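For reference, the structure discussed in these notes is given below.
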Amino acid sequence: MLGDYRISGRRAAEIAASVERGVGSGELLPGQTLPPMRELAASLDVNPNTVAAAYRTLRERGVIETAGRRGSRVRSAPAGTSRGSLRVEAPPGVRDLGEGNPDPALLPALGPALAFAAAADADSPGLYGQAPVVPEFAARARAALDADGVPAGPLTVTSGALDAIERVLAAHLRPGDAVAVEDPGWGAVLDLVPALGLRAVPVGVDDSGPLVADVERVLRAGARAIVVTDRAQNPTGASLDAGRARELRAVLGRHPDVLVVEDDHGHAIVDLPLHPLGGVTDHWAFVRSAAKAYGPDLRVAVLTGDAVTLDRVTGRQRLGPGWVSRLLQRAVLRLWTSEAVDASVVARSYGDRREALVRALAERGVSAGGRSGMNVWVPVDDETGAVTRLLHAGWAVAPGARFRIATPPAVRITVSPLTAADIGPLADAVAAAAGPARPVTYG
C-alpha cells in the first residue's frame, strides 16, 4: 500500500506532518492509498481518533482525499502542486500567448485615478474604524449590478475574484463537500477547491455555459455548491445565454440548498449581456472583478449575495485583512466615473482578434472555440507534443492540462498580444501542431 515509506508519529499533528513529508519527498505518490485509520492506529499504537484527526487535517490542507469505502489516498495533484506550474516559459524570441493577460494598450492609465484617490485621502485620511467600503464606490457598483439584473443584496469588496470565491466557499462548506466546477475551467478554481479540502466535481461546458444535464446530475449526487463563469469563461470563452440561464435556474430551483457562486470577470471586456443565476437558491454570491478591464494589479472585486453569505464573509474578513484598500476603491471609482474604459471598444478589439484566429484555423481544418473574452480553446491530438511543436515554431501557449479535469487534450491561446499580421502565421503553426482534426468538445 505504502511501499517502503512508514508513517510515524504519536500525535495527530505529527502523523499529518509525516504524511506531508512523504508526499513532498515523492515517497508517497499521487493516488497512493493510505492505510485504514484503525490499521494505522494499531501500527502506531495510538487511538483511532488520533489518526482520524490527522487524516482530517490532511484533507483540509488538500493533501489527501477520501473516497467513501475506498478509503483515503494522496490527491492526484496535491494542493502544493499548482496548475499554474504547468505554464510554458517563453524563451527569447518566442511570442507568449499563454499567460492570459489583457492587452496593456486596452487598459486605462492609472496615474490620474491614483492621483484622485490620493487627493481624496489627503482630505479625509483612511483610518481604522471607518466603513470597509467607500460609500460612493458601493453606490456606483450597486447601480451597475442593478442595471445588469443581479439580485439585490448587501455588498463588500474583496482582493480579486479568487479571494471572493475562496471566502464564499469557506463560509458555507466543510471539508469533503462536493463542489461542481466547470470542466474545462479556470485553473485557479480547480486548485482552490481541493486546497480547501473540498471535492471538485466536473461539469461540462459548451459555448453557452455549463451543460444542464451535467449540472442536474451532480446536484442530484449531492454537490453542495457550484461555481459558474457568466461571460468570457477561461479558457473556452463560453458565455451564458438567455436560454441556458433559464434552464439552469430551473435546475437550481429544485435544489434550493445549493450554494451558487458566479464569476463575472468578463465585465467591461465583452459586449454580450449578463444573464445572472443568483437568487434562485437560498445562498448565492456574485463577484465582479476589475482585473481584466482596468488592470490585474488593482486587486479589487465587488461581491454581493444573500445576507447570510455576505455577513459571514465580511465577519471573517474583519478578522484577517480587515478591508481592501480604500485608496484602490477610490481609484477604481474614478475609473468608472470617468468612463476610462469603453467596453464596446475593448470587446470589439478582443473579438476581432479572437474571431480572426478561429476563422483562420477553420480554413486550415482546425476546430476551435472562443465565443467571448480573450482566449481561444483548440483541441489537439497530443497536448504535450502540440505545445512543444508550437514552442519550436515561436509561439508559447498554455497547456490544456492547466484547465481540465476529464475533458480531452487541448491548448489555450490568449489573443490579446496578437496583431492582424500574426493571425496567418500562428494559424499555420497551430494547424501543423494540432494533429488530426477533431471537434471542439468541452465536456
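The charge dipole of the chain, taken about the Cα centre with unit charges on the Cβ atoms of Lys, Arg (+1) and Asp, Glu (-1), comes to about 1060 debye, rounded to the nearest 20.
Under a model in which nothing but the beta-carbon of Lys, Arg (+1) and Asp, Glu (-1) is charged, segment 12-74 shows a dipole of about 260 debye around its Cα centre. For segment 319-424, the fraction of C-alpha pairs more than 22 angstrom apart is 47%. Within the listed set PRO175, PRO210, PRO235, the Gaussian network model of the chain (springs between alpha-carbon atoms below 10 Å) gives the highest mean-square fluctuation for PRO175. Applying the Kirkwood pairwise sum to the alpha-carbon positions of the chain produces a hydrodynamic radius of 23.3 angstrom. Just going by the charge dipole of the chain, with Lys and Arg at +1 and Asp and Glu at -1 on Cβ, which of VAL270, ALA170, SER25 is farthest out on the positive end? Result: SER25.
For the chain, with a Gaussian network of springs between Cα atoms less than 10 Å apart, report the residue from VAL205, VAL215, VAL308 with the top mean-square fluctuation. Answer for the Gaussian network model of the chain: VAL308. LEU106 sits among other residues whose Cβ lies under 13 Å from its own Cβ, and their net charge, with Lys and Arg +1 and Asp and Glu -1, is 0. Sorting LEU327, LEU173 from the fewest to the most surrounding beta carbons within 10 angstrom yields LEU327, LEU173.
With the largest listed first and rounded to whole Å, the semi-axes of the equivalent ellipsoid of segment 167-244 from the Cα gyration tensor are 21, 14, 10. Charge tally around GLN317: other residues with Cβ under 15 Å, Lys/Arg +1 each, Asp/Glu -1 each, net +3. Segment 230-308 and segment 1-49 have Cα centres separated by 41 Å. Projecting the Cα atoms of GLY160, PRO184, TYR128 onto the charge dipole of segment 111-337 (Cβ charges, centred on the Cα centre) puts TYR128 farthest toward the positive pole. Listed from fewest to most Cβ neighbours within 10 Å, the set THR57, THR337 follows the order THR337, THR57.
Give me the tail of P(r) for segment 151-309 as a percent: Cα-Cα pairs with distance above 29 Å. That fraction is 7 percent.
In percent, rounded to a whole number, the relative contact order of the chain is 19, using alpha-carbon pairs under 8 Å and six or more apart.
Largest GNM mean-square fluctuation among ALA429, ALA221, ALA188, using the chain with Cα springs under 10 Å: ALA221.
Given +1 at the Cβ of Lys and Arg, -1 at the Cβ of Asp and Glu and no other charges, the dipole of segment 111-337 around its Cα centre is 500 debye to the nearest 20. With neighbour counts taken as other beta-carbon atoms within 10 Å, the residues LEU361, LEU272 rank, fewest first, as LEU272, LEU361. For segment 12-74, the Kirkwood hydrodynamic radius from C-alpha pairs, put into Stokes-Einstein at 20 °C and a viscosity of 1.002 mPa s, yields a diffusion coefficient of 186 µm² per second.
Taken together, the values in this text are just the output of simple stated rules run on the coordinates, not laboratory data. The model shown is predicted, which means the values in this text are computed figures rather than measured ones. Here Cβ is always computed from backbone atoms with ideal geometry, including for glycine, and neighbour counts include all displayed protein chains.
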